[in-house]
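**Student:** Can you keep this structure in mind? I'll have questions shortly.
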Amino acid sequence: MHMLTGIRAIVQKDLAAEFRTRELLSSMLVFAVLTIIVFVFAFDPTKAVIRQVFPGMVWVCFIFAAVLGLNRSFVSEKTNDCITGLILCPVDRSVIYFGKLTANFIYVTIVEIVTLPLFAVLFNYKIPLQAVPALVLVIFLGTLGFTAVGTFLAALSSNARSSEVLLPVILFPVTVPVVLGAVQATAAILSGALTAEWVSWVKILGAFDAVFLVVPFVLFEYVLDM
Amino acid sequence: MIRAVGLTKTIGRKEILRGIDIDIPSGQFVTVFGPNGAGKSTLLKTLALISRPTKGEIFIDSMDTRKNTDSLRQKIGVISHNTFLYENLTARENLEFYGRMYRVKDLKNRIFDVVSQVGLDFSINDPVRTFSRGMQQRLAIARAILHDPAVLYLDEPYTGLDPHAIQILNDVLSQLNLQKRTVFLITHNFEEGIMMSDRVLFVVRGKIVYDGGRDALEKNDLRSLYLDKVKGAA
Amino acid sequence: MEYLFAAYMIIWVLIFGYVLTLGKREKQLQEDIFVLKKYLSNNDKKS
Amino acid sequence: MKEPVNTPSLTDRVLGWGTFLAVTVALYLVFMWVPNEKIQGPVSKIIYFHIASAWLAFFAFFVVMVCSIIYLKTKDLKWDIISYASAEIGVLFTTIVLVTGPIWGRASWNAWWTWDHRLTTTLILWFIYIAYLMIRSSFNEEEKKARFSAVFGIIGFIDVPIVWMSIRWWRTIHPNIVSSGGFAMDPSMVQTLLVSLGAFTLLYFYLLRKGILIQKMRSEFELLKQELGTGR
């Protein structure tokens, strides 16, 4: 119970600061939309090929926008050494991790909610209505896995000299299963394939999420120790 | 209140703390002096449970800090030259956040109390980034005492403070002294440092080289004693 | 057959290259340490 | 004062010569003794050192993880030094796997690169440990470098089975044009492979000891520099 109070406090603090300046969300959104525009120019939206590469484009856009947000999430705690203030708080270290993770997850989800319809409109891609629940599940699991590892590694890289460059390089190789799973599952769902075809991808996503939500319980204190 | 045994901290190959034993009874006001890079801040960080010692044990309230770390943090307040404040949040939001993290009871009234104690009643709804350095530091003081800690650690709190803020800080400290709170102060400022102090420590090159009661010292003696000890140990 | 040759060439070039860099690093460090030690012992004698 | 000549310890010398001997024997077996695989011909001989490299790389990364855990528990830089030396060797041999794999593939399937699950996983593995080395180079303070790379060394290794699983599943639903191919193993081939594995394991320990020695010298060097810096 105490854990939840702490997590909620951190999330509300982050969101309150973010909605005052909207620095992070606005740049994530603009970046995501720009990515769509680039894709429109790169792949002719009238061609049939679009049907095949659509899931890939969507996830590339989500993930790049997510990295942009993740990069800031701990760097912003460095102003006035707020991170030490967090370390001083009488809560389990995982509370800090899950608080930051939840805030990042919310940012990325907002970006996804805005950009996915835009994708569908600009590429004239009809998302079948009965596919929506499965799609939501996959996007949820994929985003969770990516931000889970991302938050952890962002905390790690925020201590480095050039953290903005370091984070993507260390984050992408580790999250290969998430990217692969999310794109493949999305493709299977959108093409109306049999449930069995995307369920195994959901399993892999679930396994990844489970592992990387448990690992921080053990390892996050080593990242925070000053 | 605070007891440390054989405290050692090595960072990489550098030995920052080299076997520190210390026992601070409840309610004592301890002032620590020492040259730059002597390990004072590291000592404070380990005693405040911000970083872990490489070797040695720390007890707060006779409890082993390795076991009850999270609940023992409840008893600790820290004021450093960094304010730990979020610039985009208002003073009230900052205090609300920390108050919730420390699970402060009756938070609204408590915030009102500490804010008036540091004289920021009228700016409570302004974002911290509009505050002057002195005001930010005052808010940092309010933040540190918000959960009424049994031990207050201060790391060079006087640097960059205007006389008004120094006055407020000293008021807060003397009030804590009256309430029998333990205070652990690191400073270069002999005048301010010794005013309320019960006990003086000199730390040089990761070791305590002098540990004496306040009554044995006059202000001027302190300075020459300090220079003596620092030269002798270096 | 050329492929076999190429593959083993690359394996050996990489391994030997690595061993050589290790040797080079070792030598460089040895020299540096030697110079520093000499410098330090000279300083000690003077003071 | 004479400049010290590098005199390796007895263990090092025995290990060095042992490695040399073992590798020579392995080479002899590969080129002179073992028969060619029936279908693929002489190119099949690549496989022995290819597999041995893969084994060595994987073993090296396993050592990285184990030493990372011990480092985080003990905070003794000795373990960090082993992790670093081992990671470097691991990356080197992963590179060998990544180069020899395509050569073999080109010869037997006429395609340089296939997104075969083994090759793809190895590629990701390579990137993970390149990232590990990059983390090491982005921190100046010894302690942070050791701590953060240890954390990543553990995470990276935990990730490997999941990467393997997902890529294998990916390949099964998008079947390869070229099947990874059967490889009828003759007993003599198995024996050759085992000797190669043994030889490379020795080679690993030889390189590891060398790497550790160099890191220790570097530590000594930094210590001396510090002594100079403190103005003695």
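The values are calculated or read from the model by the stated rules, or taken from the named source; none is laboratory data. This structure is a prediction, so every number in the text was calculated from the model and none was measured. Every residue, glycine as well, gets a Cβ built from its backbone with ideal geometry; the counts of neighbours run over all protein chains shown. To get the accessible areas, we keep the full protein, side chains included, count just its heavy atoms, and leave off ligands, DNA and RNA. Shrake-Rupley method; radii C 1.70, N 1.55, O 1.52, S 1.80 Å.
**Student:** What are the residues in segment C:1-12 that are facing chain D (nearest Cβ under 7 Å) and surrounded by fewer than 13 Cβ atoms within 10 Å (Cβ to Cβ), if any?
**Tutor:** The answer is C:M1, and nothing else.
**Student:** Select from segment B:78-100 the residues that are open to solvent by less than 10 Å² (accessible area, probe 1.4 Å) and either within 17 Å of B:Q137 (Cβ to Cβ) or within 8 Å of another protein chain (Cβ to nearest Cβ) (or both) and list them in ascending order.
**Tutor:** B:V78, B:I79, B:T83, B:F84, B:L85, B:L89, B:A91, B:N94, B:L95, B:F97, B:Y98
**Student:** Out of (1) open to solvent by less than 50 Å² (accessible area, probe 1.4 Å); (2) farther than 30 Å from B:N125 by Cβ; (3) of a type in the set (A, V, I, L, M), the odd one out for A:L68 is which?
**Tutor:** (1)
**Student:** Here's another thing I want to ask about it. Take residues that are more than 22 Å from A:C82 (Cα to Cα) and touching a residue at least 40 places away in the same chain (Cβ under 8 Å) and tell me which of the helices (runs of 4 or more DSSP H) falling wholly in segment B:106-209 contain 1 or more.
**Tutor:** B:107-117, B:163-178, B:190-195
**Student:** Sort out which residues of segment C:13-27 are surrounded by 14 or more Cβ atoms within 10 Å (Cβ to Cβ) and either more than 7 Å from chain D (Cβ to nearest Cβ) or not acidic (D, E) (or both), and write them in order of number.
**Tutor:** Hits for segment C:13-27 are C:L14, C:I15, C:Y18, C:V19, C:L22, C:R25.
**Student:** Can you give me the number of residues within segment D:158-170 that are more than 7 Å from every other protein chain (Cβ to nearest Cβ) and open to solvent by 30 Å² or more (accessible area, probe 1.4 Å)?
**Tutor:** Of the residues in segment D:158-170, 3 are more than 7 Å from every other protein chain (Cβ to nearest Cβ) and open to solvent by 30 Å² or more (accessible area, probe 1.4 Å).
**Student:** Another question, if that's okay. For segment A:196-219, which residues satisfy the criterion of being of a type outside the set (V, I, T), facing chain D (nearest Cβ under 9 Å), over 14 Å from A:L180 (Cβ atoms) and over 16 Å from the mean Cα position of the chain (by Cα)?
**Tutor:** A:E197, A:L219
**Student:** Out of D:S68, D:S44, D:S83, D:S53, report the one residue that is more than 14 Å from chain B (Cβ to nearest Cβ), of a type in the set (S, T, N, Q) and either assigned to a loop (DSSP other than H, G, I, E, B) or surrounded by fewer than 23 Cβ atoms within 10 Å (Cβ to Cβ) (or both).
**Tutor:** D:S44
**Student:** Name the helices (runs of 4 or more DSSP H) wholly within segment A:125-226 that hold at least 1 residues that are crowded, with 18+ Cβ neighbours inside 10 Å, modelled with pLDDT under 90 and of a type in the set (A, V, I, L, M, F, W, C)?
**Tutor:** Those helices (runs of 4 or more DSSP H) span A:176-190, A:195-224.
**Student:** If you don't mind, there's one more thing I want to ask. Restricting the search to segment B:26-47, which residues are among the hydroxyl-bearing types (S, T, Y) and open to solvent by less than 10 Å² (accessible area, probe 1.4 Å)?
**Tutor:** Those that are among the hydroxyl-bearing types (S, T, Y) and open to solvent by less than 10 Å² (accessible area, probe 1.4 Å): B:T31, B:T46.
For every residue, the table says whether it meets (1) out of contact with any Phe, Trp or Tyr (no Cβ under 9 Å at 6 or more places or on another chain); (2) closer than 21 Å to B:Q74 by Cα; (3) modelled with pLDDT of 90 or more; (4) of a type in the set (A, V, I, L, M, F, W, C).
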residue	(1), (2), (3), (4)
B:M101	yes, yes, yes, yes
B:N109	yes, yes, yes, no
B:G119	yes, no, no, no
B:S123	no, no, no, no
B:V128	no, no, yes, yes
B:S132	yes, no, no, no
B:I145	yes, yes, yes, yes
B:Y153	no, yes, yes, no
